[in-house]
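Following: one structure in structure tokens, then a few remarks.
The values are calculated or read from the model by the stated rules, or taken from the named source; none is laboratory data. Remember, predicted model here, so these are calculated numbers, not experimental data. All Cβ positions, even for glycine, are placed from backbone atoms using ideal geometry, and neighbour counts span all protein chains on display.
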Amino acid sequence: MKNKIIGKPKPKRGISIPAKKNLKTDHHGLNRALPFILALIIALITLVVFSPSFRCGFTNWDDPVYVTKQELLLHPGVHSLKDIFTTNVSNNYHPLTMLSLKWDTIQRF
């Protein structure tokens, strides 16, 4: 006896059989993209909600002490790094913050 390979029956001429779609694979791309889409939507909503803050200036809470009236920052190049690392500002010692603000001041001029 010969072994016959049994396969799918061939459709008759003129009749086409539509292929079944696997729903799990069709939505797989959407399932992968969904977290990115949601993150993008959240980022856009956050940007819209907080966009008025881009037009804000300095506040009067601590900006005069740290930025707008700070002698270490007002005159670019006058104070040395030694002054930034040895001076307390408003009874706080944070030289990296003052160094960053000094860098911003230099960039502005």
Would you confirm whether or not segment 87-104 contains a residue that is out of contact with any strand residue (DSSP E or B) (no Cβ under 7 Å at 6 or more places or on another chain), free of Cβ contacts under 8 Å to residues at least 24 places away in the same chain, among the small types (Gly, Ala, Ser) and assigned to a loop (DSSP other than H, G, I, E, B)? no
Positions within segment 35-72 being surrounded by 10 or more Cβ atoms within 10 Å (Cβ to Cβ), modelled with pLDDT under 90 and assigned to a helix (DSSP H, G or I), in sequence order: ASP63, PRO64, VAL65, TYR66, VAL67, THR68, GLU71, LEU72
Test: HIS75 is in contact with a Leu (Cβ under 9 Å, 6 or more places away or on another chain) and modelled with pLDDT under 85: no
Pairs, please: C-beta under 8 Å, at least 6 apart or cross-chain, first residue within 30 Å of LEU101 (Cα to Cα) and in segment 31-60, second modelled with pLDDT under 95? PHE58/PRO64; PHE58/VAL67; PHE58/THR68
